[in-house]
Amino acid sequence: MTGIDLRSPAFADHGHLPRRHAGNGDNVSPPLSWSGIPREASELALLCESVDAPPGGRPLWLVTGIDPRRTGLEAGTGHPGSHVHRNGYGDNGWGGPIASPGEPHRYVFRLYALPAPVSIPHDVTADAAREVLDDQSVGHGTLVGKC
């Protein structure tokens with residue numbers, strides 16, 4: 001399986017997400033960039049979830065059908081031609097984490113390269129989405145932010 005290099009100019013891997021991207025901040029999706037997409041990819045899917053939340057939670061962000069020729073997403077941008085799913089707050093698109101006192105929670109961004117279009121229900125749990133994407137992926141990359 002091919003490794004995709006997933007990065008953000010807004011935070012380092014395992015670094016803190018700026019307040020601008022938090023749900024109790026400006027709630028703007030972070031900018032992302034990537035490289036190393038396998039040639040056999042026909043679409044990309046992006047999943048962001050809390051790894052410190054109880055199992056079965058809703059994703060903070062799930063987007064399928066991203067053009068594999070893209071090399072990233074700007075902060076707060078739409079996803080032309082893609083399918084934006086419902087987040088854990090019941091809205092479509094990015095639903096930033098809510099910063100709370102105490103130990104920061106970890107949020108994992110996963111970018112998947114898929115050989116064929118994927119079918120995922122609009123209102124899916126993060127666990128179910130990850131399972132489908134892991135099964136069909138020909139490559140993936142991860143990036144962890146804390147909040």
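The values are calculated or read from the model by the stated rules, or taken from the named source; none is laboratory data. Since this is a predicted model, take the numbers as computed values, not measurements. For neighbour counting, all protein chains shown are included, and Cβ atoms are generated from backbone atoms with ideal geometry for every residue, glycine included.
Values as computed for the structure displayed
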{"read-out": "Set ARG39, ARG20: member being charged (D, E, K, R) and outside any loop (DSSP other than H, G, I, E, B)", "value": "ARG20"}
{"read-out": "Looking only at segment 16-52, and only at residues there that are of a type in the set (Gly, Ala, Ser) and closer than 25 Å to SER119 by Cα, the one that is nearest to the chain's Cα centre (by Cα)", "value": "ALA45"}
{"read-out": "Single residue of ARG58, ARG69 found to be charged (D, E, K, R) and out of contact with any Lys or Arg (no Cβ under 9 Å at 6 or more places or on another chain)", "value": "ARG69"}
{"read-out": "First in segment 130-147 and over 21 Å from GLY57 (Cα atoms) and at pLDDT below 95, second anywhere and crowded, with 17+ Cβ neighbours inside 10 Å and among the charged types (D, E, K, R), Cβ under 7 Å, 6 or more apart", "value": "none"}
{"read-out": "Test result for LEU114, among the aliphatic types (A, V, I, L, M), surrounded by 13 or more Cβ atoms within 10 Å (Cβ to Cβ) and in contact with a helix residue (DSSP H, G or I) (Cβ under 6 Å, 6 or more places away or on another chain)", "value": "yes"}
{"read-out": "Yes/no for GLY72 being more than 16 Å from SER8 (Cβ to Cβ) and surrounded by 14 or more Cβ atoms within 10 Å (Cβ to Cβ)", "value": "no"}
{"read-out": "Of residues in segment 80-105 being without any contact (Cβ under 8 Å) to a residue 40 or more places away in the chain, crowded, with 16+ Cβ neighbours inside 10 Å and touching a Gly at 6+ places or on another chain (Cβ under 8 Å), the one nearest to SER119 (Cα to Cα)", "value": "HIS83"}
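So that you can scan it fast, the table gives a plain yes or no per residue for (1) under 14 Å from VAL108 (Cα atoms); (2) among the β-branched types (Val, Ile, Thr):
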site: PHE11; (1), (2): yes, no
site: HIS14; (1), (2): yes, no
site: GLY23; (1), (2): no, no
site: VAL28; (1), (2): no, yes
site: PRO38; (1), (2): no, no
site: LEU44; (1), (2): no, no
site: PRO68; (1), (2): no, no
site: GLY81; (1), (2): no, no
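Here is a yes/no grid of residues against (1) in contact with a helix residue (DSSP H, G or I) (Cβ under 9 Å, 6 or more places away or on another chain); (2) assigned to a strand (DSSP E or B):
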position	(1), (2)
ALA53	yes, no
GLY57	yes, no
GLY65	no, yes
GLY78	no, no
TRP94	yes, no
SER100	no, no
VAL118	yes, no
VAL144	no, yes
